[in-house]
1. Roughly how many nanometres apart are two label points built 7 Å out from the Cα toward the Cβ at residue 167 and residue 227?
2. Round to the nearest 10 and give me the degree value, 0 to 90, for the angle of helix 8-22's Cα axis relative to the longest principal axis of the chain.
3. How much net charge surrounds residue 18 when only other residues with a Cβ under 13 Å from its Cβ are counted (Lys, Arg +1; Asp, Glu -1)?
4. Taking H as built 1.01 Å from N, whose amide H comes closer than 5 Å to the amide H of residue 147, not counting residues under 5 places away?
5. Three principal axis extents, largest first, for the C-alpha atoms of region 1-42, in Å?
6. So what's region 135-250 giving for Rg/Rh, alpha carbon basis, Kirkwood Rh from the mean inverse pair distance?
7. Determine the per residue accessible area of the chain with all protein chains present and a 1.4 angstrom probe, expressed in square angstrom.
8. Quick check: the angle from helix 45-57's long axis to the longest principal axis of the chain, C-alpha only, nearest 10 degrees?
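The values are calculated or read from the model by the stated rules, or taken from the named source; none is laboratory data. Bear in mind that the values here come from a model prediction, so they are computed numbers and not experimental data. Positions of Cβ are generated from backbone atoms using ideal geometry, with glycine treated the same way; all protein chains shown enter the neighbour counts. To get the accessible areas, we keep the full protein, side chains included, count just its heavy atoms, and leave off ligands, DNA and RNA. Shrake-Rupley method; radii C 1.70, N 1.55, O 1.52, S 1.80 Å.
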Amino acid sequence: MTFGEQPAYLRVAGDLRQKIVDGQLPPHTRLPSQARIRQEYGVSDTVALEARKVLMAEGLVEGRSGSGTYVRERPVPRRISRSGYRPSGGATPFRQEQADGEGRGTWESSSEQAEASVAVAERLGIEPGERVMCTKYLFREGGEVMMLSTSWEPLAVTGRTPVMLPEEGPLGGMGVVERMRAIDVIVDNVAEEVGARPGLAEELLVLGGVPGHVVLVVSRTFYASGRPVETADVVIPADRYRVAYHLPVK
């Protein structure tokens, strides 16, 4: 194979992908059979099979037991806004979006004490094994699960205070900045990193994806005078949502 030349299975997958994108193979249409692909493109069974695997891995098609492989419905990506930490508001960005517009979002959460893993400890600037409050969130929009979030707060900061449980007490659900301010911890900075990876099986089970689907991961950490006081991972299905940032100019 010369430089720049694609393997046969990628060329076949690319042509089928283009037909899907162009609408020649609309959603719910059965993908040409392996024998049809072999005949139409003049390739071997192995090449035809590998091309179909590529399209499945990309989430463009799905197999239906006893029926064949079909083009998947392609959702129009919706926007999830992230607007910094809202120091004067109090509500989290998701709650604020629901209040500002015609949001149909709901959420549920659960908190429990845990020991910080090596990765979480590094992000929080504490020792592995130190106690943290771990809170898991599930967000829905119009009944559909749209994102997952897991946050960790060091109990050395919030333990035995009214804000130890993020979603309970007088400031439950008000967001990190307001809750920390209530215990005289002033958040003055937030950092977010956005990456992508294949979704974990347990994540995709909840989010409604299939194995191989990519998720966006927003890793966020709040700081007070340089000290991390909360860190979280927000997991979003990449095929259904885009992350939009609105940052103030100072």
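1. Modelled inter-label distance: 2.7 nm.
2. That helix lies at roughly 70 degrees to the long axis.
3. On the way: positive: 11, 17, 19; negative: 15, 22, 58.
Residues close to residue 18 contribute a combined charge of 0.
4. Those qualifying (amide H under 5 Å, at least 5 residues apart or on another chain) are 139.
5. The Cα atoms of region 1-42 stretch 37, 22, 10 Å along their principal axes.
6. Working: Rg = 15.7 Å, Rh = 15.6 Å.
So for region 135-250, dividing Rg by the Kirkwood Rh gives 1.01.
7. On the way: 13880 Å² over 250 residues.
Value for the chain: 56 Å² per residue.
8. 30
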